[in-house]
Each structure stands twice: as structure tokens, then as C-alpha cells.
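Everything on this sheet refers to the single structure shown next.
The values are calculated or read from the model by the stated rules, or taken from the named source; none is laboratory data. Just so it is clear, the model here is predicted, and its values are computed rather than measured. Heads up, the Cβs are rebuilt from the backbone with ideal geometry, glycines too, and the neighbour counts pull from every protein chain shown.
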Amino acid sequence: MIRWPRFLKGLLVSDAQADRVVPPSGYTARLTVFAAGAMAFLAVFALALSLASGRLAVRWGDELGRSATIRIAAPADQQQAQTEAALRILETTRGVQTARALTTDEQADLLAPWFGADLPLDALPVPQLIEVIETSEGMDPAGLRLRLAAEVPGAVLDDHSRWRAPLVKAASRLRLLGWTAIILIAAVMAAMVTLAANAALAANAQVIAVLRLVGATDSYIAQAFIRRFTLRALLGAFAGMALGMAAVSLMPRAGDETASFLTGLGFQGWHWLLPLVLPPLAAFVAFVATRLAARRTLEELS
């Protein structure tokens, strides 16, 4: 069982005699600092990805949930009349905030990614689209479909439900993937610290034997390793976190038209404080890993 006041005192208060047990330099020190820094750097991006995915899921759900489209597929001589009839129905439909027919230019812009900017809409039987924005209460899609079927034969209502659910589900899974990545990063760092601690303990087997001969307890020896490796992990994780936050701050923002795919991948508001949890978390992971490694190795050297 960990006694936290004693544990924190052992970490913060230096013991020159105990610190000599662990070599101040060497590949174990560099490995621990590098592993903690690299894992913290990756954890910042995984955390940013998870938070951005959560915001994306909420935004997609809200935007698609409050919008609908009516498609008027009618003969050319009837399209205008049916469009006006559909707009009159929408004016008296409860839950509809605004409704408007898209212009020819707007419909051409929607089709441009697939057919090019020079698509001649006048020569093609392109249906007329009506954009519908709902109120916060929402509308009754089933009732609206019945009214449209009775008065506007060529009207088809798309409430975006078949598009909204997969998009929100994908964003939610992406958020779960981000948290899973953070857990795997913590596990990898624990493995690296355990390897480094085992190597340091094995390299100092003779020193440990001498310390036991002069009366040093295993807890005293283990505390020296725990303190050194925990502080190394804390230092490396802090450096990796700082670099990760600096890199995230350079990511494109919503107004950057050159990288729309990456827009919003970052922290917003108080979320900038969340990466500050990573260095203490890395120190805790290093503490647990080193403690278990020291206990196991000291038992083997007995």
C-alpha cells in the first residue's frame, strides 16, 4: 500500500546518499527521459484528436439534425408550380424556421465537385432543391411527407437521418480511438520505464549487495530507484507536453481555407489545461512501473 505523504516527501526531498545508488547518467537515464517525452508528445495529439472528434460529433449532430432538404423532381413545366406549393406548405408547417429554394448557381456549386464547374444545368433534368432549417423543437417528418405526397407529387423529403447517424457514429468511434491511443501510450511508457529500471538494477547488482551488507533495507534501495526514474519521467513528459502543445497551436484554424480537413484539430477554451495532467500521470506510471520492477528484481537478487 502506498503512503502518499511519505511517497511525496521521498520524491521531493533529495537524499544524496540514496541518489548514489542510481547512476546519474547513462543510457537508462536517456531512455527514460526520451520515452516519457515521446509518449507525452504523442499523448497531446491523441488528446487533441479525441476532443476534436467529440466536438465534431456534436456539431454534425446539431447541424444535420436541424436541417432537411426537399427535392422537387417534376417535369420542367411543372417544377416552378410544385416548388411554390412546397414552400407554401412549409410556411404553415410547425417546427420549420426557414425554407428557401436554392438558386441555380447554388445547385451548380453543390454539383461542381463531381461534374465540374461548367455543368450546364439548363440542359439536364436537375431537380429543384429546397433547404429547410428547423427550430429547436424540430418538425414532424412523417406528417410533412404526407402533406407533400398529397399536394406536391414530385416532392421528396430528406431529413438527413440516414446521413447523420453514420457521421456521428464515426466521430464517436474516432473519439474512442483517441482515448484508446492514450491508454496504449501509457502502457508503452510503463514498459519502457520498466526495462530501463530493470537494466539499472541489474547493472548495480554488486552495489545493492554491498548496501545490504552495511544494513540498507530493500525499501531504502528501491526508493532511490523510484525517485530517480519518477523524476526523469516527469521531466521528459513535461518537455514532450510543451512541444506537443506548441505543435498543436500551429495547426490550422477554422478560417484557414488551405487545410479544411485539419480545421478544428486542437484545444479550445479550458481544454488547453488538460495536457497539464500528462506529466503527473507519466510520473505516476513511472512510479508504479519502477516500484514493481524494483521489488521483483530485489527479490531475485536476494
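Brief remarks follow.
- Single match in A155, A171 (criterion: within 22 Å of A73 (Cβ to Cβ), at pLDDT below 85 and surrounded by 18 or more Cβ atoms within 10 Å (Cβ to Cβ)): A155
- Residues of the stretch 93-113 satisfying the condition of being within 15 Å of A155 (Cβ to Cβ) and outside any strand (DSSP E or B): T93, L102
- If you go through the stretch 189-230 and keep only what is of a type in the set (A, V, I, L, M, F, W, C) and either surrounded by fewer than 18 Cβ atoms within 10 Å (Cβ to Cβ) or outside the structural domain of L42 (by TED's automatic domain parsing) (or both), you end up with A191, L195, A199, A202, A203, A205, V207, A209, V210, L213, V214, A216.
- Residue match in the stretch 254-266 (condition: assigned to a helix (DSSP H, G or I), within 30 Å of L56 (Cα to Cα) and either modelled with pLDDT of 85 or more or not hydroxyl-bearing (S, T, Y) (or both)): yes
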